[in-house]
Every structure is written in C-alpha cells, then in structure tokens.
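In what follows, a single structure is set out as structure tokens and then discussed.
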Amino acid sequence: MILLVEDDDALGAQIKQSLEEAGHDVRWIQDGDEAKGVALEPTTLIVLDLMLPGTYGLDLLKIYRTRSDVPVLILSARDQTTDKVRALELGADDYLTKPFWPEELLARVAARLRRPEVVKDVDQRTVGDLRIDFSARQLARKADGEWTAITTTAAEFDVMAMLARRPGQPISRQALVDGALDPEQGTPRALDVHISRLRKKLGPAAPQLATVWGIGYRLDAEAT
C-alpha cells in the first residue's frame, strides 16, 4: 500500500492513476491534518507533498519518523538545496522536484521499494544491552541476564526511539531536536542536556549512546 499525501486535485489524480496502473494499491489524502493521524500499517511507501493545507509536510515527516521507518519520497516545487537537505536530515529517503515526468516518479518508487528498509518497523527493538519498546514507550537495560526498566521523560524516550530505529547510523543534532523535542523548547543545547541525563540513566550501557563529532549522536549495539 502506498500512502499519497498531495492536495492538488489534478496532480494527485494523475499520480494515483500512474501508481495504480503500475500495480500499486494507493490511499490518497489531500489534507495535512488528516494525514497526521493516519495509520501507517500496512503502508510500504509514503509519497509526501510539502505544501499542504493543515499540517505542513515536514512536520508530517517528523511525526511519521517517530512512528515508523516506512520509506518517504518527498514531492515538492521547492527546489532549494536547503529544503532538500532539511528533508533528508529529518528522515526522507528521496526528494523529487515538481514538475516531474510520471516515468521518473515510477522509477523512483520502484527503486525505493526494491531497496531493503533500514530497519523493519516493529513494536520492540533490542540494541546491545538496551531494549526499546515503542508501543509501551519503555526503555530497559539488560544486566546479569535480567531486564531492568529505566524511567525516562517523554523527550528522553523520543530521542532514544529515533536513534533505535536507525541503530549504528548517526542522526544529526538538528534532526533529533526537530523530531523528538518540544517545538517551543527544543534547541541543540537542550538535546545535549537530555543526552547527558540519558547516559547517567543507562549506566554501563551509556557508551552505546555515542557522540558523532560534527554531526550528532548514534546508538550502537556495542560500546565504542
């Protein structure tokens, strides 16, 4: 199932028809607020416009990334490099500038669906001595063969969840700020404070929460 989020009637209808003719099931949503609460199962790809009524496309991308690793292909008339970099930092997998040929869209969709996902979307993930339960919003550490729950704030858990969805891969400080922290209080400095507190709570597993200098942070399966 492909989730298409595009407010333009003519373009959305064209994209939906092209995808369906290529053999895909398509769910089409034209409003950002409606798209914000949509269930992502069993979606295999999201085709996402940026300029939407209601919730802005990049804000939707941030929301989706806290809930799932389903691939996201951005469609936008905004062709500035800064916009593309921003979308990729927030977790987009590809960025296609409008106008575009339908054949190019289909080729990119096919390429993205052929590529294995970074991590399958599951309710729970174990990374080294840490276990992150996304549904229960619970973090636990393994010690002497037993799992012990770690109490976290909402922001601390969201930071760990973003990192755990891409274990071993660095995520920029700004992407973590945008995706995990309160928009009114989120700053890179605030993120560093959350990371410091998390490391104290993780105890012997703290080295798994690694700093990637000049970029951000990474959650490793082993201490480095």
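A compact table of results
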quantity	calculated
Test: residue in region 21-33 that is touching a residue at least 12 places away in the same chain (Cβ under 8 Å), closer than 30 Å to Ile215 by Cα and out of contact with any helix residue (DSSP H, G or I) (no Cβ under 8 Å at 6 or more places or on another chain)	no
Qualifying residue in region 126-135 (condition: under 21 Å from Gly57 (Cα atoms) and among the hydrophobic types (A, V, I, L, M, F, W, C))	no
Search result, residues across region 200-224 that are surrounded by 13 or more Cβ atoms within 10 Å (Cβ to Cβ) and assigned to a helix (DSSP H, G or I)	Lys201, Leu202, Ala205, Ala206, Pro207, Gln208
Flag if Pro99 is farther than 18 Å from Tyr217 by Cβ and either open to solvent by 30 Å² or more (accessible area, probe 1.4 Å) or not in a strand (DSSP E or B) (or both)	yes
Filter result (open to solvent by 70 Å² or more (accessible area, probe 1.4 Å) and either among the acidic types (Asp, Glu) or under 15 Å from Met51 (Cα atoms) (or both)) within region 87-96	Glu89
Conditions (1) assigned to a helix (DSSP H, G or I); (2) surrounded by fewer than 15 Cβ atoms within 10 Å (Cβ to Cβ); (3) at pLDDT below 85; (4) more than 16 Å from the chain's Cα centre (by Cα); number of the one not met by Asp83	(2)
Search result, residues across region 108-141 that are among the basic types (Lys, Arg), open to solvent by 40 Å² or more (accessible area, probe 1.4 Å) and modelled with pLDDT of 80 or more	Arg108, Arg131, Arg137, Arg141
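Residues checked against (1) part of a helix (DSSP H, G or I); (2) surrounded by fewer than 16 Cβ atoms within 10 Å (Cβ to Cβ); (3) at pLDDT 95 or above:
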| site | (1), (2), (3) |
| --- | --- |
| Ala155 | yes, no, no |
| Asp158 | yes, no, no |
| Leu163 | yes, no, no |
| Glu184 | no, yes, no |
| Leu198 | yes, no, yes |
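The values are calculated or read from the model by the stated rules, or taken from the named source; none is laboratory data. Keep in mind that this is a model prediction, so the values were computed, not measured. Methodologically, a virtual Cβ is constructed for each residue, glycine included, from the backbone with ideal geometry; neighbour enumeration extends over all protein chains shown. Just the protein is used for accessible areas: all its heavy atoms, side chains included, with ligands, DNA and RNA removed. Shrake-Rupley method; radii C 1.70, N 1.55, O 1.52, S 1.80 Å.
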